[in-house]
Ligand SMILES: [Zn+2]
């Protein structure tokens with residue numbers, strides 16, 4: 001999960017907004033500036049867009065799952081009045097957007113204050129918005145070698161959050177909604193682990209595991225490993241590892 005908190009202050013943002021205003025609500029005008037902030041990654045699942053493999057990353061309808069899309073944070077099905085509000089747009093890969101989020105927008109609690117132009121701002125959404133929410137306040141990482149011998153780098157709710165807290169529930173719902181964690185727990189349920197994003201989470205495990213092992217030894221060791229692959233600095237995961245917001249679990 002990548003923080004996009006600098007988006008609206010970026011020097012190029014006013015230019016994108018001007019192009020959008022002149023375009024009669026073409027939200028793709030924001031794609032470049034959003035991608036500049038995330039260094040060409042999906043801010044939710046951290047898939048690197050320029051690694052799209054059009055053969056292995058197609059869904060059953062032939063859509064390329066890893067292309068960047070700009071869509072509504074609050075879905076236009078319910079929030080028609082935010083359809084052309086530029087602060088309601090978020091960048092996601094096609095898979096996060098169309099296979100996972102779709103038009104979902106759960107709220108806390110099952111609130112009676114809901115979805116009107118006058119009071120939507122009072123709502124407590126249960127989906128992280130990487131522009132407004134700091135992922136470091138919601139999640140820890142888990143490097144997991146599961147009992148099924150699957151390697152995954154998952155998100156889990158930050159250990160310091162109380163289970164009754166809004167932030168905890170928002171973390172849980174975000175993880176579940178985007179399939180970014182809970183792979184081990186799912187083995188006892190009817191849903192197969194293969195329904196989760198094990199390929200993506202496995203690639204993340206491989207990319208960051210040596211960094212996590214080095215960080216367990218010390219910050220100097222972590223920086224040595226990071227220098228070997230400087231492109232890894234641009235992932236949100238690095239901030240979690242540097243701050244020791246992770247654990248390594250090998251349940252075998
Ligand atoms: Zn994604």
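Looking at 100, 47 in this structure, which one is in contact with a helix residue (DSSP H, G or I) (Cβ under 9 Å, 6 or more places away or on another chain), under 18 Å from residue 237 (Cα atoms), within 14 Å of the ligand (Cβ to nearest atom) and not assigned by TED's automatic domain parsing to the domain that holds residue 172?
Working: 100 fails: under 18 Å from residue 237 (Cα atoms).
Going through 100, 47 in turn, just one is in contact with a helix residue (DSSP H, G or I) (Cβ under 9 Å, 6 or more places away or on another chain), under 18 Å from residue 237 (Cα atoms), within 14 Å of the ligand (Cβ to nearest atom) and not assigned by TED's automatic domain parsing to the domain that holds residue 172: 47.
Can you confirm whether residue 148 is farther than 30 Å from residue 104 by Cα and at pLDDT 95 or above? If you could, list the steps in order and put the result at the bottom.
Details: farther than 30 Å from residue 104 by Cα: yes; at pLDDT 95 or above: no.
No.
Suppose we filter 211, 161 for residues that are in a loop (DSSP other than H, G, I, E, B) and at pLDDT 95 or above; which single one remains?
Details: 211 fails: in a loop (DSSP other than H, G, I, E, B).
That would be 161, the only listed residue that is in a loop (DSSP other than H, G, I, E, B) and at pLDDT 95 or above.
Go through segment 227-245 and count every residue that is within 18 Å of residue 203 (Cβ to Cβ) and in a helix (DSSP H, G or I). Can you show your working first?
First, the residues of segment 227-245 that are within 18 Å of residue 203 (Cβ to Cβ): 228-229, 231-238, 240-241.
Those still in the list that are in a helix (DSSP H, G or I) too: 228, 231-234, 237-238, 240-241.
Total meeting the criteria: 9.
What about residue 93, is it buried (at least 16 other Cβ atoms within 10 Å of the Cβ), modelled with pLDDT under 90 and within 13 Å of the ligand (Cβ to nearest atom)? Spell out the reasoning first.
Numbers: buried (at least 16 other Cβ atoms within 10 Å of the Cβ): yes; modelled with pLDDT under 90: no; within 13 Å of the ligand (Cβ to nearest atom): yes.
No, not satisfied.
Quickly run through segment 1-51 and pick out the residues that are in a helix (DSSP H, G or I), buried (at least 21 other Cβ atoms within 10 Å of the Cβ) and in contact (Cβ under 8 Å) with a residue 60 or more places away in the chain.
The answer is 7, and nothing else.
The values are calculated or read from the model by the stated rules, or taken from the named source; none is laboratory data. Because the structure is a prediction, the values reported are computed rather than measured. Methodologically, a virtual Cβ is constructed for each residue, glycine included, from the backbone with ideal geometry; neighbour enumeration extends over all protein chains shown.
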